[in-house]
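The values are calculated or read from the model by the stated rules, or taken from the named source; none is laboratory data. Since this is a predicted model, take the numbers as computed values, not measurements. Don't worry about glycine lacking a Cβ; one is built from the backbone with ideal geometry, like all the others, and counts go over all protein chains shown.
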Amino acid sequence: MTRIDDLPVRDELRGKSPYGAPQLDVPVRLNTNENPYPLPEPLVERIAERVREAARGLNRYPDRDAVELRTRLAAYLTRTGGHEVTRAQVWAANGSNEIIQQLLQTFGGPGRTAIGFEPSYSMHALIARGTGTGWISGPREDDYTIDVEAAATAIAENAPDVVFITTPNNPTGNAVPREAVVALYDAAQAAKPSMVVVDEAYVEFSHGESLLPLLEGRPHLVVSRTMSKAFGAAGLRLGYLAAAPAVVDAVQLVRLPYHLSAVTQATALAALEHTDTLLGYVEQLKAERDRLVTGLRDLGFEVTESDANFVQFGRFADAHDAWRRILDQGVLVRDNGVPGMLRVTAGTPAENDAFLDAVRALKKEQG
Ligand code: PMP
């Protein structure tokens, strides 16, 4: 049988594993930071209507520049982000993973490097590898915050072409203060100048504000967003960015023509019509996230401050063993490989109760 390594694959892909959060069929799945609430029925109806209309035109290619969708996304950002964003500043793609890929194809690539402060979202490094961009693992403190001086030094020493700042961070959950982002942007401009990508996939769950207002006067800043989390639409695959219009022009040099299907555009537009209902679920999830933090702390776990829809907790002598014991009780959480720590996504109240019961039992077993 031919194996991957028998094929003439690129050297940097040899012996590597694909992104692989387990998709297991267990009663309570709290492992991939999805929103636990199915889309409300009136929205499902509206999607069906919009998609039916789009279906009548599927003989034609979709709107290549997704003008209506970008207009609506800009309006959403303007309304919720504390900063006016125009359509010319917004670009959309199939999930924010594709946004990140397009950014690295545009500003990274062979002979160039990107830095992230780890542990952080593992796909930044994987997409860097896939686009031939060198990856630099920047430092994070033991409490998972970013030490601005250490991070700025890493930027100055490496002069990367792209800097990733994930806030709130995944898998740790904590947000990066606005002053820290400003300081790292300045360090990146002094070093290269490089593009700074602020990954705000979870920002709607934050106690704080979006960093969109920082776009003013910072032409190398990009804010990346997604409809996978707050909009409860991970299956839709819709991510977007806000940046200077020139950045939007630049990513169009690498995007595949007609990358965003007419069905995707229609579905996303329907979801945006129901923004207020969906943001209502976000409020419930924030309350549940806070309940998980308190519940875990009451049980004596170490819990990282969370501004996201998930919580990092520990510390376990053997995190993988703890992960398995929680799974044995029908609850799937995530072992991200952060030593001693696991991550749980905020689910419905019943799911969170099942999780808290499972970790209470685990605590008893471990004494
Ligand atoms: N950024 C971060 C920090 C994430 O955690 C995720 C998903 N887990 C993404 C981006 C990608 O999400 P999507 O492609 O679904 O928009």
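Every test in (1) exposed (fewer than 13 other Cβ atoms within 10 Å of the Cβ); (2) assigned to a loop (DSSP other than H, G, I, E, B); (3) modelled with pLDDT under 95 is passed by ARG60 save one, and that test is (3).
Go through the range 27-57 and give me each residue that's hydrophobic (A, V, I, L, M, F, W, C) and either farther than 30 Å from ASP353 by Cα or surrounded by 15 or more Cβ atoms within 10 Å (Cβ to Cβ) (or both).
VAL28, LEU30, LEU39, LEU43, ILE47, ALA48, VAL51, ALA54, ALA55
Screening THR172 with (1) away from the ligand (no atom under 15 Å from the Cβ); (2) at pLDDT 95 or above gives one miss only, at (1). Among the residues of the range 284-299, the one identified as small (Gly, Ala, Ser) and closer than 10 Å to ARG360 by Cα is GLY295.
Being on the phi < 0 side of the Ramachandran plot, in a helix (DSSP H, G or I) and in contact (Cβ under 8 Å) with a residue 40 or more places away in the chain narrows it down to one of LEU73, LEU24, LEU39, so name that one.
Being on the phi < 0 side of the Ramachandran plot, in a helix (DSSP H, G or I) and in contact (Cβ under 8 Å) with a residue 40 or more places away in the chain holds for just one of LEU73, LEU24, LEU39, which is LEU73.
Does the range 178-186 contain any residue that is over 28 Å from THR113 (Cβ atoms) and either within 16 Å of the ligand (Cβ to nearest atom) or at pLDDT 95 or above (or both)? There is no residue in the range 178-186 that is over 28 Å from THR113 (Cβ atoms) and either within 16 Å of the ligand (Cβ to nearest atom) or at pLDDT 95 or above (or both).
Condition check ((1) farther than 15 Å from ALA151 by Cα; (2) of a type outside the set (A, V, I, L, M)) across all residues:
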position	(1), (2)
PRO177	no, yes
SER194	no, yes
ASP199	yes, yes
VAL203	yes, no
HIS207	yes, yes
LEU214	yes, no
PRO219	yes, yes
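Taken over the range 117-132, the residue count meeting the criterion of being closer than 18 Å to MET341 by Cβ and without any contact (Cβ under 8 Å) to a residue 60 or more places away in the chain is 3.
Every condition in (1) outside the structural domain of PHE231 (by TED's automatic domain parsing); (2) touching a residue at least 60 places away in the same chain (Cβ under 8 Å); (3) more than 16 Å from the ligand (Cβ to nearest atom); (4) not charged (D, E, K, R) is met by TYR61 except one, and the failing one is (1). When restricted to residues that are under 26 Å from THR32 (Cα atoms) and part of a loop (DSSP other than H, G, I, E, B), the range 100-132 contains 5. Checked against the criterion of being over 14 Å from the mean Cα position of the chain (by Cα), hydrophobic (A, V, I, L, M, F, W, C) and part of a helix (DSSP H, G or I), the range 89-96 contains not a single residue that satisfies it. Within the range 223-267, the set of residues being of a type in the set (S, T, N, Q) and within 16 Å of the ligand (Cβ to nearest atom) comprises SER224, THR226, SER228, SER261, THR264, GLN265, THR267. For the range 94-107, enumerate the residues that are away from the ligand (no atom under 12 Å from the Cβ) and closer than 30 Å to PRO339 by Cα. Result: LEU104, single match.
Does the range 224-244 hold any residues that are surrounded by fewer than 24 Cβ atoms within 10 Å (Cβ to Cβ), in contact with a helix residue (DSSP H, G or I) (Cβ under 7 Å, 6 or more places away or on another chain) and farther than 20 Å from PHE164 by Cα, and which are they? Once the filter is applied, which keeps residues that are surrounded by fewer than 24 Cβ atoms within 10 Å (Cβ to Cβ), in contact with a helix residue (DSSP H, G or I) (Cβ under 7 Å, 6 or more places away or on another chain) and farther than 20 Å from PHE164 by Cα, the range 224-244 yields ALA230, ALA233, LEU236, ARG237.
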